[in-house]
Amino acid sequence: MSVLVNIPARSPIASQISENNTVALEVRNVIKTFATDTGSINAVDDVSFSVRQGEFVALVGPSGSGKTTMLSILAALLTPTSGQVLIDGQDLAKMNEVQRVRLRREKIGFTFQSNNLIPFLNAVENVELMLRLNNRLDKAGRVRSAELLARLGLGDRLRNLPNQMSGGQQQRVAIARALIHSPTVVLADEPTASLDTERAFQVVQTFAALIHENNRAGIMVTHDLRMCEYVDRVLQMRDGKLVRVYETREEILALARGGEH
Amino acid sequence: MGLAFYLAFKEIWRNKGRFFLVSLVIALITLLVLFIAALGEGLGTNNREYISKLDGQLVVFLEKSDYIISASRLRQATLRTVRRVEGVDDAGPVSTSSTAILLPPGSDNEVLKVSLLGVEAGRPGFPQLTAGRSFLSATAREVIVDQRVLDRSEIRIGDTITIRSTQGVEDEFFDLKVVGTTTGQAFFFQPAIFVAPSVWEKVRPKSDAELSNTVPAINIIVVRLKDPAQAEQVQANLLNAIKNIEVADIQTTINNIPGYTAQQGTVQTQGGFTLLIGILVIGGFFQIQILQKVPQIGVLKAIGASNPVVGLAAVIQISLVTAFGVAIGGGLTWLFSLGFPPTVPLFFNGTASALALAALLLIGPLGGLVSVIYAVRIEPLKALRLS
């Protein structure tokens with residue numbers, strides 16, 4: 001397995017996250033209820049947790065456990081039925097739609113499972129798009145975008161359109177786009193779902209390294225427990241509830257080596 | 001605005017082939033609409049041109065002629081009375097008929113069909129000369145011809161033309177000397193030639209019963225007013241002073257030219273339906289495109305693009321593609337029009353063409369309206385596979 005960027009030694013990662021690091025994201029007693037034909041169902045049921053700057057957290061669970069709904073709430077795409085979500089201390093529930101859109105482009109970085117990139121923009125344009133959205137694209141921004149892509153091993157792919165890149169390369173462009181505007185929180189929705197195992201490890205390893213290096217709060221939804229090897233904490237959900245948190249290195253590695261759900 | 005334009009332009013630029021094909025469809029619609037507009041204008045002009053340029057404000061017809069020129073017959077006495085009515089500055093007779101100019105051997109056609117109009121020199125109804133002079137006398141065998149006659153023949157000022165005129169059941173031929181030219185004087189789809197009333201009576205085609213006539217028959221009397229703003233008052237004065245007449249303004253006279261209103265209505269309906277088809281075609285294309293782009297738009301919204309940016313990008317994209325298509329279509333229309341013979345009545349009137357172009361530029365945004373609304377309503381959750 002080749003290494004794409006200089007990754008810090010893995011083992012001490014968890015201990016690097018100081019207790020003094022600011023809480024970037026806080027979830028307090030969040031409930032999300034959906035109406036169904038037979039009544040209602042709590043897709044997220046009284047979930048609370050927080051993520052500090054520089055911390056990379058995995059949200060795992062089987063299909064239907066509520067992890068994607070949770071991610072949507074964290075991304076200000078869904079409003080919780082009750083409870084609070086605070087990003088940089090700002091309560092999402094108190095925001096109107098315009099404020100939520102602004103929060104998404106300023107404070108949140110995104111990578112998705114598929115259809116990640118804008119197909120008619122090349123690699124560097126896709127990354128610069130976040131700066132354009134924030135009215136922050138200048139000469140320095142262009143240089144940083146190209147440098148970030150180069151660091152991700154895509155220096156020779158800057159002008160390539162998404163359909164001229166492999167799935168792994170596209171995910172790395174998406175990672176660069178998620179980080180270029182220095183967001184508070186970086187959210188990744190099944191970033192390895194469409195990749196082969198080797199590419200998947202490379203992508204998550206790269207992602208983790210950049211989250212730590214840039215001191216961002218990262219949350220990755222995944223069904224592939226092997227990818228948890230690179231995270232600092234694992235939140236396990238089942239039936240909408242947060243059923244277990246894996247915090248020690250030993251617990252996380254044991255979970256990761258257990259394989260897929 | 002800047003971001004919306006950037007997204008719209010980049011997508012077009014990176015998918016040039018696809019968008020060019022859509023522009024070509026718009027270009028073909030443009031070609032069709034402009035040709036229909038030009039044809040409508042050409043047919044209308046050829047029908048009404050002489051009447052629309054009359055040096056007068058009112059037209060006197062025989063009562064119950066329903067403002068149809070060919071159905072109206074007026075006496076010389078009526079003309080004299082009209083000139084004496086209060087508010088009338090001057091009045092001139094117009095007599096209409098149709099004849100054929102014999103063309104020299106070797107020409108494309110044997111004859112050139114023309115409208116033969118009898119008018120008094122210097123009176124309302126007499127055309128504005130572009131070259132040459134007026135008739136020397138009321139009986140001089142002289143003629144003033146429309147520029148189209150010169151365009152379609154070798155005839156020039158100073159030439160003598162021969163017209164063929166059926167007198168009873170026999171064809172007779174009359175020589176007329178061309179002394180002047182005028183321009184834009186088509187009447188009833190034919191270029192007009194003008195002679196003095198007494199000459200007109202002599203040379204016009206006649207039935208057996210009319211052969212002994214010597215007094216020119218008048219179809220209509222064109223009335224020039226001292227004060228055009230008093231048209232309604234003078235119209236009432238005319239109707240009070242003279243029995244057995246009806247009076248119309250120029251527009252009413254045009255609208256009652258046989259077939260004119262029906263013809264214009266048909267052409268305008270064709271143009272309208274072509275625009276409607278354009279709206280549906282463009283609407284369908286952009287709707288399909290938006291449906292294919294749902295995940296992409298979801299991603300854009302999820303990463304913080306606002307609804308105005310997404311909506312505006314769609315509008316700009318549709319407008320750019322439409323404008324490009326209309327420009328190609330306009331160019332193609334111009335190129336095709338160069339190859340049409342002068343007998344095809346295509347008139348590219350500035351106002352009519354500008355209106356058609358404006359309508360064409362609107363069909364894109366109108367057709368794409370549904371897809372723009374659809375794009376704005378796409379939930380960013382689509383990016384996360386949730387709906």
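The values are calculated or read from the model by the stated rules, or taken from the named source; none is laboratory data. Here the structure is a predicted model, which is why all the values come from computation and not from measurement. Methodologically, a virtual Cβ is constructed for each residue, glycine included, from the backbone with ideal geometry; neighbour enumeration extends over all protein chains shown. Areas reflect the complete protein model, heavy atoms only, side chains present, ligands, DNA and RNA absent. Shrake-Rupley method; radii C 1.70, N 1.55, O 1.52, S 1.80 Å.
Among B:Thr183, B:Thr274, the sequence by solvent-accessible area, most first, with a 1.4 Å probe is B:Thr183, B:Thr274.
For A:Arg257 and A:Thr38, FRET efficiency with R0 = 35 Å and r from the beta-carbon atoms, rounded to 0.05? It would help to have the intermediate numbers written out before the result.
Working: r = 40 Å, r/R0 = 1.13.
In this case the efficiency is close to 0.30.
Taking R0 as 51 Å, what's the FRET efficiency between B:Glu172 and B:Phe273 from their Cβ-Cβ distance, rounded to 0.05? Approximately 0.60, to the nearest 0.05.
Name the residues of segment A:226-259 whose amide N is less than 19 Å from a point 7 angstrom out from the Cα of A:Ser48 along the C-beta direction? What the label zone holds, given the 19 Å backbone N cut-off, is A:234-238, A:240-247.
Once you list every other residue whose beta carbon is under 11 Å from the beta carbon of B:Asn237, what net charge do they have if Lys and Arg are +1 and Asp and Glu are -1? Before the final figure, lay out the partial values.
Numbers: positive: B:Arg84; negative: B:Glu86, B:Glu232.
Here the charged neighbours net out to -1.
For segment B:7-50, the list of trypsin sites (Lys or Arg not before Pro) that fall in a loop by DSSP and count at most 15 other C-beta atoms within 10 angstrom is empty. Mean separation of Cα pairs under 8 Å and 6 or more residues apart, divided by the residue count, gives chain A a relative contact order of 28 percent.
Using Cα pairs under 8 angstrom and six or more residues apart, how large is the relative contact order of chain B, in percent? It would help to have the intermediate numbers written out before the result.
Values: 725 pairs, mean separation 113.1, N = 387.
With pairs under 8 Å counted, the relative contact order is 29 percent.
Between the residues B:Ala248, B:Gln263, B:Asn219, the greatest Cα displacement towards the positive end of the dipole of segment B:197-263, with unit charges on the Cβ of Lys, Arg, Asp and Glu, is found for B:Asn219. Separation of the alpha carbons by more than 32 angstrom is noted, of A:Lys139/B:Lys301; B:Lys113/B:Lys226; A:Lys32/A:Lys139; A:Lys139/B:Lys16, for B:Lys113/B:Lys226; A:Lys32/A:Lys139. For segment B:364-369, 3J(HN,Hα) computed residue by residue from phi via the Karplus equation (6.51, -1.76, 1.60; θ = phi - 60°) reads x, x, 5, x, x, 4 Hz, glycine and proline entered as x. Summing Lys and Arg as +1 and Asp and Glu as -1 over all other residues whose Cβ lies under 12 Å from the Cβ of B:Leu103 gives a net charge of -1. Considering only Cα-Cα distances, which of the following residue pairs are longer than 19 Å: B:Lys10/B:Lys293; B:Lys177/B:Lys202; A:Lys107/B:Lys293? Cα-Cα > 19 Å for A:Lys107/B:Lys293; rest within.
FRET efficiency for A:Arg249 and B:Arg377, Cβ-Cβ distance as r, R0 = 41 Å, nearest 0.05? Don't skip to the answer; put the middle values down first.
On the way: r = 47 Å, r/R0 = 1.14.
It comes to 0.30.
Note on chain B: with a GNM built from Cα contacts shorter than 10 Å, the maximum mean-square fluctuation among B:Val234, B:Val33, B:Val195 falls on B:Val234. Taking GluC sites (Glu not before Pro) as exposed when their DSSP state is a loop state and no more than 16 other Cβ atoms lie within 10 Å, the longest site-free interval of chain B runs over B:155-387. Here the spin labels are modelled as points 7 Å beyond Cα on the Cα-Cβ line, and at B:Glu63 and B:Arg164 they lie 4.2 nm apart. May I ask for the longest run of chain A untouched by trypsin sites (Lys or Arg not before Pro) that are loop-located per DSSP and have at most 16 neighbouring C-beta atoms (other than their own) within 10 Å? Longest stretch, sites excluded: A:11-135. Cα centroid separation, segment B:171-244 to segment A:58-108: 85 Å.
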